[in-house]
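Below you'll find the structure, written out as structure tokens, and then a few comments.
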Amino acid sequence: MSKAVEQRDRVIIRFAGDSGDGMQLTGDRFTNATAVLGNDLATLPDFPAEIRAPAGTVHGVSAFQIQFASEDVTTPGDHPNVLVAMNPAALKADLHTVTSGGTVILNEDAFTQRNLEKAGYDGDPLADGTLEGYQVFKVPMTTITVRATEGLGLTKKEAERSKNMFALGLLSWMYGRPPETTLDWLERKFSGKEQILEANVGAFKAGYNFGETTELFAQSYEVKPAPATPGLYRNVAGSTALAWGLVAASDRSGVPLFYASYPITPASELLHELSRHKNFGVVTLQAEDEIAAVNMALGASFAGKLGVTGTSGPGMDLKAETLGLAVIMELPMVIVDVMRSGPSTGMPTKTEQTDLLLALFGRHGESPMPIVAAKSPSHCFDAAIEASRIAVTYRTPVILLSDTFLANSSEPWLLPQVDDLPTFSPDYATGTNHPDGFLPYLRDDKLARPWALPGTEGLEHRIGGLEREEVTGNISYEPENHEAMTLLRERKVEAVAGSIPELEPEANEDADLLVLGWGSSHGTIRAAVRRVRREGGKVAHAHLVHLNPFPPNLGEVLRRYPKVLIPEMNRGQLALLVRGRFLIDAISYTKVQGIPIFAGELEDEIRRVLDA
């Protein structure tokens, strides 16, 4: 007899286990099956920095959270409805995140006395009341997985490695995910490795069939597809979208892409992804250190390429001197900063927005740079194109801010039409630009200097870090010239504002409060503002993509509203800038815990500010 199916509008699931349990893979596969079904979704991978943290301990817990729904989803959710805990450490680390009355599915086999002690439990949480108030399902996942892989010639330890596929199969049945999506992927992933393929397929089917046949689960759940604009969609992570945006910028501008970087969490995935696209003329290079990487990228820019380097906070510190050189040489270049929790090594796999002031001021001398910030995983694609456009058009280094949350999380993305993507030209210098010959600092109407490729006859000129004379580029120590060049470089960056769209708040004109955000807080702010509005709250939302220069109407927008609230995953860096630049008494709401701001937290703060 078939089981009952209950309708749900949205579900939040958190897979949690030891770092070696394959939780990221499990979550990623569940996400892909969910995307195929047409649910809207958002994800939050959450894992330790250590390659192999102490097994069985809370420090070694790796988790993956997904929210999927039959309506618009903007965040991975505050509190999961379902926790899948593969061992006691996962239960101890994540039980407090589960919503009251939520479902907890346990791998019963892992709750041994030794594992309980490793996790720091004094008693047995399965029997001491720890799980009161939750709907608990104790499933012997390891035992069934080993049984399902009998006859394949695997050792018990090897067979146990497939238990994450059992969990995936069980959750796929519970929420009606199509098994073919995962089975097809397993066929491709383990092609030529029959033993491993059969073990994983066997474990997945065992989990799926367990849910379907056991009396333990009385029903499954259905989440209908979300309404969406017609078109071709795919699930995309922020790091992948950003890499593709750089490739698209190269294609649409005709400037070959050169990417150099030194491995650093969480920016390394950019190098991995871009290295797969040699067919688009992309050249990638893993440098010996951060300083070498940025100098290679700048050298490539001098040679007529779209020079790009990517890193995170500690790498930005090391690249600072070369960024100053790029400013004074006035060459197009993109520096991607995938922000993480700092300072120093900090928490390398956890997210923060703490590099805004570093991007603005983290160099010696007056060395302004345009700054662009992505606001969602798929928006990383557009942000990469925009940063490249500004760099090439204005002959300036541009900092592109992403963060750990954006880089690792994913969402459905409506693939754009290539012909709809913006184009921009490098306008390489091809001949002399003055009766006296080639003048390397004779500027166009955007204050951009000519981009002359080395080796072009008649366009020979000097470059370097010394101050130079306007128009001729000759070395100059004249006091007035230095001030004039400083102001000129500043005006050039300010001129970028003329090419960016005005800020358009999402709101009623009579709103009492504007919530102003930037970067990855976009989804959280949208969700919180939407909840408050549903109950009659008069609140508006505006989100900045351009952090330097600001949109030209930002001051006017800020002054429309009696109150301005700025939520950030730092100690109030944008709020500091807004107060200083516009003399607006903005209210700062901050969180620096290495995890995103929850929509519920921000909703409470919005209500508090409205009522104050």
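The values are calculated or read from the model by the stated rules, or taken from the named source; none is laboratory data. Not measured: the values here are computed from a predicted model. Positions of Cβ are backbone-derived with ideal geometry, glycine not excepted, and every protein chain shown enters the neighbour counts. Ligands, DNA and RNA are stripped out before the accessible areas are found, and what is left, the full protein with its side chains, is counted by its heavy atoms. Shrake-Rupley method; radii C 1.70, N 1.55, O 1.52, S 1.80 Å.
Can you pull out every residue in the stretch 577-612 that is of a type in the set (Gly, Ala, Ser) and out of contact with any Gly (no Cβ under 9 Å at 6 or more places or on another chain)? Matches in the stretch 577-612: Gly580, Gly600, Ala612. For first residues located in the stretch 45-74 and within 24 Å of Asp122 (Cβ to Cβ), partners that are part of a strand (DSSP E or B) and open to solvent by less than 50 Å² (accessible area, probe 1.4 Å) and lie 6+ apart or on another chain with Cβ distances below 6 Å form the pairs Ala55/Asp18; Gly60/Asp18; Val61/Ala16; Ala63/Arg14; Ala63/Ala16; Ala63/Asp46. Consider Ala391 carefully, then state whether it is open to solvent by less than 10 Å² (accessible area, probe 1.4 Å), under 30 Å from Gly313 (Cα atoms) and out of contact with any helix residue (DSSP H, G or I) (no Cβ under 7 Å at 6 or more places or on another chain). When the stated conditions are applied, Ala391 passes them.
When restricted to residues that are within 18 Å of Leu197 (Cα to Cα) and open to solvent by 30 Å² or more (accessible area, probe 1.4 Å), the stretch 160-178 contains 3.
Evaluation of Arg234 against the conditions (1) open to solvent by 60 Å² or more (accessible area, probe 1.4 Å); (2) touching a strand residue (DSSP E or B) at 6+ places or on another chain (Cβ under 8 Å); (3) in a loop (DSSP other than H, G, I, E, B) shows that the sole unmet condition is (3). Can you say whether Gly20 is closer than 25 Å to Trp413 by Cβ, touching a residue at least 12 places away in the same chain (Cβ under 8 Å) and part of a helix (DSSP H, G or I), as far as the supplied structure shows? It is false that Gly20 is closer than 25 Å to Trp413 by Cβ, touching a residue at least 12 places away in the same chain (Cβ under 8 Å) and part of a helix (DSSP H, G or I). Within the stretch 21-40, the set of residues being touching a helix residue (DSSP H, G or I) at 6+ places or on another chain (Cβ under 8 Å) and over 22 Å from Gln219 (Cβ atoms) comprises Asp21, Gly22, Met23, Leu25, Thr26, Arg29, Asn32, Val36. When Pro454, Pro426, Pro377 are checked against the criterion of being part of a loop (DSSP other than H, G, I, E, B) and exposed (fewer than 14 other Cβ atoms within 10 Å of the Cβ), Pro454 stands alone in meeting it. Taking the stretch 29-50 as the range and being surrounded by 21 or more Cβ atoms within 10 Å (Cβ to Cβ) and farther than 24 Å from Pro227 by Cβ as the test, the residues that pass are Arg29, Pro45, Asp46. The sole residue among Met329, Met333, Met347 that is in contact with a Gly (Cβ under 6 Å, 6 or more places away or on another chain) and closer than 24 Å to Tyr441 by Cβ is Met333.
When Gly310 is tested against (1) part of a loop (DSSP other than H, G, I, E, B); (2) surrounded by 24 or more Cβ atoms within 10 Å (Cβ to Cβ), only condition (1) is not met.
Within the stretch 432-450, restricting attention to residues that are open to solvent by 40 Å² or more (accessible area, probe 1.4 Å) and more than 38 Å from the chain's Cα centre (by Cα), the residue that is nearest to Ile390 (Cα to Cα) is Leu442.
Yes/no matrix, rows are residues, columns are (1) touching a Gly at 6+ places or on another chain (Cβ under 9 Å); (2) buried (at least 20 other Cβ atoms within 10 Å of the Cβ); (3) closer than 18 Å to Val418 by Cβ; (4) basic (Lys, Arg):
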| site | (1), (2), (3), (4) |
| --- | --- |
| Tyr221 | yes, no, no, no |
| Lys224 | yes, no, no, yes |
| Gly238 | no, yes, no, no |
| Arg252 | no, no, yes, yes |
| Tyr259 | yes, yes, no, no |
| Pro266 | no, yes, no, no |
| Leu270 | yes, yes, no, no |
| Glu273 | no, yes, no, no |
| Arg276 | no, no, no, yes |
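Test Ser191 against the stated conditions and say whether it is of a type in the set (Ser, Thr, Tyr), touching a Leu at 6+ places or on another chain (Cβ under 8 Å) and at pLDDT 95 or above.
Criteria not met by Ser191.
When the helices (runs of 4 or more DSSP H) confined to the stretch 520-612 are screened for residues that are charged (D, E, K, R), open to solvent by 10 Å² or more (accessible area, probe 1.4 Å) and touching a strand residue (DSSP E or B) at 6+ places or on another chain (Cβ under 7 Å), those reaching at least 1 such residues are found at 522-534, 599-611. If you go through the stretch 322-347 and pick out every residue that is assigned to a loop (DSSP other than H, G, I, E, B) and under 14 Å from the mean Cα position of the chain (by Cα), you end up with 1.
Within the stretch 69-121, track down each residue that is part of a loop (DSSP other than H, G, I, E, B), small (Gly, Ala, Ser) and buried (at least 24 other Cβ atoms within 10 Å of the Cβ).
Within the stretch 69-121, just Gly77 meets the criteria.
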